Each structure stands twice: as structure tokens, then as C-alpha cells.
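Visitor: This structure is in C-alpha cells; I'll ask about it shortly.
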């Protein structure tokens, strides 16, 4: 939605990446349900914590930004 006469700047517009979206959602909606899978429910806070743990585990395995592996090799 474009507001007439409003100029986009850092004060009123910041594009969200998947990471910045998750961080913002965890802050703004920490205790709000984000995912439901059957009887299992996760909040945005839970999702943020789980993603940080996965990122940490990948880092500990030596996997970093730009590393790729083909599943077809």
C-alpha cells in the first residue's frame, strides 16, 4: 500500500529479510503462536530460539555463509 505524498526513508520503511522478520516478530509477538503442527504449537519466541540453535549448530559444524552442497552428487 502506497501512501500518497509519503517518501520512503529509514524512518518509515525498512525492507525485511527473513532474519530481520524473525527477529522483529520475536520482539513484537514473542508469546503469539507462529506455527501449529497437529498438537504442537510454537510461539514467535520459540521459533527465534530454535533458529538460533540451528544456526549455532551449523556454525559449530564449520558450515558458514555461502557453503553449498549438492544433494544430487
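Visitor: Taking residue 56 as the residue in question, decide whether it is outside any loop (DSSP other than H, G, I, E, B), touching a strand residue (DSSP E or B) at 6+ places or on another chain (Cβ under 8 Å) and surrounded by 10 or more Cβ atoms within 10 Å (Cβ to Cβ).
Guide: no
Visitor: All but one of (1) under 17 Å from the mean Cα position of the chain (by Cα); (2) surrounded by fewer than 11 Cβ atoms within 10 Å (Cβ to Cβ); (3) modelled with pLDDT of 90 or more hold for residue 22; which doesn't?
Guide: Evaluating residue 22 over (1) under 17 Å from the mean Cα position of the chain (by Cα); (2) surrounded by fewer than 11 Cβ atoms within 10 Å (Cβ to Cβ); (3) modelled with pLDDT of 90 or more leaves (2) as the failure.
Visitor: A further question follows. Specify which of the listed residues (30, 8, 50) is outside any strand (DSSP E or B), free of Cβ contacts under 8 Å to residues at least 60 places away in the same chain and either loosely packed, with under 11 Cβ neighbours inside 10 Å or touching a helix residue (DSSP H, G or I) at 6+ places or on another chain (Cβ under 9 Å) (or both).
Guide: 30
The values are calculated or read from the model by the stated rules, or taken from the named source; none is laboratory data. Bear in mind that the values here come from a model prediction, so they are computed numbers and not experimental data. Neighbour counts are summed over all protein chains in view; Cβ atoms, including those assigned to glycine, are modelled from backbone coordinates with ideal geometry.
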